[in-house]
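Below is one structure, written out as structure tokens; comments come after it.
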Amino acid sequence: QVQLVESGGGLVQPGGSLRLSCVASGQIREINDMGWYRQTPESSREWVAAKARGAAPRYAESVRGRFTIPRDNAKNTVYLQMNNLKPEDTALYYCRYSDTWHVEWGQGTQVTVSS
């Protein structure tokens, strides 16, 4: 099993920045992919960004150029650096881990962009 713990959500004004963190623990495989999704009460879960070990990051068009997804493999941690935030980025953000044997989700962290 793999456990995920997210942190870093909060309230920010439009144009501001936040950084989310997701720490994975447990049976971490050498080859894995970690990423972020988001969901609002009015929409289904939407993919935001992901990065596999040793691979280039991937971004949804809606966040490209504003968000980055650094990873610290030594700490089994993935981040979501969110810049120039917009009200439409308001959502519950979920971390996702996947490997050959597992797909795991974090509990979610709320991001609210409002003046």
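The values are calculated or read from the model by the stated rules, or taken from the named source; none is laboratory data. No experiment lies behind these values; they were computed from the predicted model shown. Counting neighbours? That spans all protein chains shown, and the Cβs are built from the backbone with ideal geometry, glycine included. Only protein heavy atoms, including side chains, enter the accessible area calculation; ligands, DNA and RNA are left aside. Shrake-Rupley method; radii C 1.70, N 1.55, O 1.52, S 1.80 Å.
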Carbon and sulfur %, accessible surface of the stretch 10-109 computed with the full protein complex present, 1.4 Å: 50
Quick one: net charge around Val103, please, counting Lys, Arg +1 and Asp, Glu -1 for every other residue with C-beta under 14 Å from its C-beta. 0
Grab the alpha carbons of the stretch 4-99, take their convex hull, and tell me the volume per residue in Å³. 96
Per-residue accessible area, 1.4 Å probe, largest first, puts Ile31, Ile69 in the order Ile31, Ile69
If one builds a Gaussian network model of the chain from Cα atoms under 10 Å apart, the most fluctuating residue listed among Trp101, Trp47, Trp36 is Trp101
Mind grabbing the accessible area of Tyr79 for me, 1.4 Å probe, Å², rounded to tens? 40
